[in-house]
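Everything on this sheet refers to the single structure shown next.
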Amino acid sequence: MRPLGRCALMLALGACARALPTPSTSPPAPFPPEPLPAASPTPEGQRAELPPPPFVDGPLAIRVVYPVADALVAARDSNFIFGSVGSGRATLEINGVRVPVHPNGAFLAFLPVPPAESPLYELRATRDADTVVVAHPVRLLPPTLLLTDTGALVVDSASVEPRGPVIVRSFDPIRVGIRAPPNATATLVTKHSGQFAMPAGGLPPLINRDSTAEAVVLPVPDPYRRVVELMASVAGDTATIVVARGADTVRLPLPPITLIHDQLTPHLAVLGAAALLGGDAERSVVGRSVPDPSGTSKWFLFPGTVAEVIGRMSGYTRIRLDGMLSIWVEDAEVTPLEDGGSLPRPTLLSARIAPSDGWVDVVLPLGARVPFLVEERPRSLELTLYGVRVSTDAIAYSQGDSLVRFIEAVQETVDRARLTVHLDAAPFGYQTLFEDGRFILRVRRAPGVDRRSPLRGLTIAVDPGHPPIGARGPTGLYEADAVLEVAQRAQRMLEDRGATVVMTRSTADPVPLADRPIMARRANAHAFVSFHLNAYPDGVNPFIGNGTGTYFYYAHSERLARAVQRGMVNRMGLRDVGVFQQSFAVVRNSWMPAVLAEGAFLMIPEQEAALRTVAFQEAYARGVVEGLEMFFRALADER
Ligand SMILES: [Zn+2]
C-alpha cells in the first residue's frame, strides 16, 4: 500500500476508522458517559517534555536494527529502516538519500524500497575524514504483476480465492475471486450450473497480521479484484475461472470444493480436548466469525464442549452453534468424537442466584457444556446459550443482595436461549465456569474504594509485555527490557499507594501470553495493565502518527483505558494517538478492567532515547498509575 497521506494515516492508526488520533474524534463510549475528573497537571504545571538524547561520539559503527539482514520487506513503495552509526557527529546517506543522525548516533528513515535488481540498502556514514560503507541486503516481495489494459492478457494466478481445499455444506456460500485487468471479463464456469459473471470490487482476502508490529493497518479495497459469491453446490467441485479479453483467454481451476452431504449422523467433535487433558481447563477455545486469525474473536468456549463440524478451510474448522449460527475454531482445537457420542441439547428448567463476598453466581443446571456468548450491556449481562431450550418457571433469588436484580429468560429461536441478567450497576467483571454439570455466570462486585486513597487495599496486576517476541529501537533497546523497568517503577508507585501488586513477569525470562490474564484472574486483581512499546508494520510512515495509545477489549475496560490514556498523555508529553478496542489476548480478561498501554514508539529515536532515562520511565509509570487512580476515584464517586 502507499502509506503516505491522510487516508493511509487513518488506516494505519486504528482497527476502527472512527479512532482518529485526536481526542475529539475518538470512538463514543459504549456506556452512558460519566466524565472522568481532570488529571492533576504535572508538578511544573506544564506539558511534559522528552528528556534530550545524550551526545555520543564514538568511532563509526553502522548497525541496522530493522529490517534485519536478508529479511523480507513487506512493503512495495516505501519502508522504514533504523539503526545507529556510532556518532552523533556523523552524516549518513542511505541509497543516496541524506538521513538525519540523532545526537546519540541513532537514525530512522522512511525510504523507497530498494529496486529488484539490487535488493539492498547501501549505508554510507562519514565522520571527519572517515567514511564507512555497509551493504545491507534484504528480500523483496515478488514483483506485482502489471495487469495492463493492453498487450497480452495477464491475470494474477496467485490471487485465486479460495486459496486451498475447502469442505462445506452444499448450501454454504463460497466466495470466488481473482485479480484481473478491469477491461477483461471474468467468469466462473461451473460443471452443472452454468456461468456466473465476476464483477469488480471487494476487499482482498484477509491477511495474517504481522506478529511483532502492534499498530494496526486495515486492508484497502483492490480495484482489480473480481468477486462472485454463490452456494457451494452451485459452484460444484470442479469450477474454473475464465478471464477473457479479445482473443486472449486464461483459465484457472478452483481448488477442490468438497461437499458435506446432509447425513443422519452429524460429524461431532470435542473442542479444546488437548487443553482439558493438559490440565489447562482455564483456557478457552476461541471462536471467530471468519476462518482467519484476524477475524473477530468473540466466542470463548469451555474446553470439552461437543459441537457439530460443518466445514473446513485455511486451517480452521467450522462448527455449528445452533440452527442459525456457525463459527470457526483452529483445526488443532478439534478432536473428532468416536462413535456413540451425541450432541447435548439440554433444557434449562431452573436458575439460582448465589451471592458471595466478591461476586454473585448465576447458577444454571445444564448438565453439559454448551457453546455460549456473554455480552455486556450498560446495566446487564446477556448470556446466549446455543442448542438450549429454556423452560424456567422457577428462579431462586437471595435475600439481601441487590447486584443481580432479576433475570429474563427467553427462547430466542427454536434452539437458542437468551438470559438477560439485570444488574444494579454497570458490570465490573464476570467469568464463566462449568462445575459439576452446572454452568455458572459469576458476576463480580466492584470493590469498595476510598476516594482519598483510591488504590489502597486493591490488587493490581502489572504485566510487562514480552518476551516472547517484542520490538527493538534504533540503538538496540529491547521492548521487554524497557517495559520491565517501567513496570517495576509502576509496581513501587502502586505499593506506595497501598495497592497489592501482582507482577506477571519480574525477570527477563519469557512468560507465555495466555498465562498472564490467568495469573491476574487467580489473584482476583481489580485491574490489569500491560506495558508495551509500539511498532508499525512494514510500509507505514513512522513519522506521522506515532505517540501514546491505549487498547482495551471488553466494555467494562473502556473507562480504565481512557483514564490510563489521559494519565500517560499528561505525563509523557507525546502525541495523543487515542484509545482502541482490539482483541489482544492479554486484555481479553472479563474478570477485571484490563488495558494494554502503548506509551511510546520504540522505533522513534527520540522516544527510544527517552526510554533509557529514569525520568521518562517514571513518567510512563506515573501516567499509568495516575490513570488507575482516576478510574477508581470515579468509581467511588458513583456510589
Ligand atoms: Zn509489545
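From its DSSP helices (H runs of at least four residues, each -39,500 (n - 2.57)), the chain gives a residue-normalised ellipticity at 222 nm of -4500 deg cm²/dmol. Under the convention that each Lys and Arg Cβ holds +1 and each Asp and Glu Cβ holds -1, the size of the dipole of the range 407-482 around its Cα centre is about 320 debye. Surface composition of the chain: carbon and sulfur atoms hold 54% of the protein heavy-atom accessible area at a 1.4 Å probe. Spacing of the modelled spin labels on Ala394 and Ala281, each 7 Å from Cα toward Cβ, amounts to 2.7 nm.
Find which of Tyr536, Phe631, Phe107 sits farthest along the positive direction of the dipole of the chain, computed with +1 on the beta-carbon of Lys and Arg, -1 on that of Asp and Glu, about the Cα centre. Of Tyr536, Phe631, Phe107, it is Phe631.
Since only Val388, Ala354, Val370 are under comparison, the one whose Cα sits farthest along the positive direction of the charge dipole of the range 339-398, derived from C-beta charges on Lys, Arg, Asp and Glu, is Val388. Given +1 at the Cβ of Lys and Arg, -1 at the Cβ of Asp and Glu and no other charges, the dipole of the range 91-210 around its Cα centre is 480 debye to the nearest 20. Taking 0.36 nm per residue of separation and subtracting the current Cα-Cα distance, fully stretching the chain between Thr148 and Lys191 would add 12.5 nm. Calculate, for Glu49 and Glu93, the FRET efficiency according to 1/(1 + (r/R0)^6) with r their C-beta to C-beta distance and R0 25 Å; round to the nearest 0.05. So, using R0 = 25 Å, E works out to roughly 0.25.
Entry comment: accessible area of the chain is 43 Å² per residue, from protein heavy atoms only and a probe of 1.4 Å.
For the range 231-337, the Cβ-based charge dipole about the Cα centre amounts to some 280 debye (Lys, Arg positive; Asp, Glu negative; other atoms uncharged). Ala184: net charge of surrounding residues, Cβ under 14 Å, Lys/Arg +1, Asp/Glu -1, itself excluded? Overall, the nearby charge balance is +2.
Using the Cβ-Cβ distance between Met324 and Asn524 with R0 = 41 Å, the FRET efficiency computed as 1/(1 + (r/R0)^6) comes to roughly 0.65.
Only protein heavy atoms count here; under a 1.4 Å probe, Glu282 has an accessible surface of about 80 Å².
Taking label positions 7 Å along the Cα-Cβ direction at both Leu111 and Thr335, the computed distance is 5.3 nm, reported to one decimal. Remark: the chain projects, on average over all directions, an area of 32.5 nm² (convex hull of Cα atoms). Across the options Thr126, Ala275, Leu433, the greatest Cα extent toward the positive end of the charge dipole of the chain (unit charges at beta carbon of Lys, Arg, Asp, Glu) belongs to Leu433.
The values are calculated or read from the model by the stated rules, or taken from the named source; none is laboratory data. Remember, predicted model here, so these are calculated numbers, not experimental data. We place every Cβ from the backbone using ideal geometry, glycine too, and count neighbours over all the protein chains shown. Areas reflect the complete protein model, heavy atoms only, side chains present, ligands, DNA and RNA absent. Shrake-Rupley method; radii C 1.70, N 1.55, O 1.52, S 1.80 Å.
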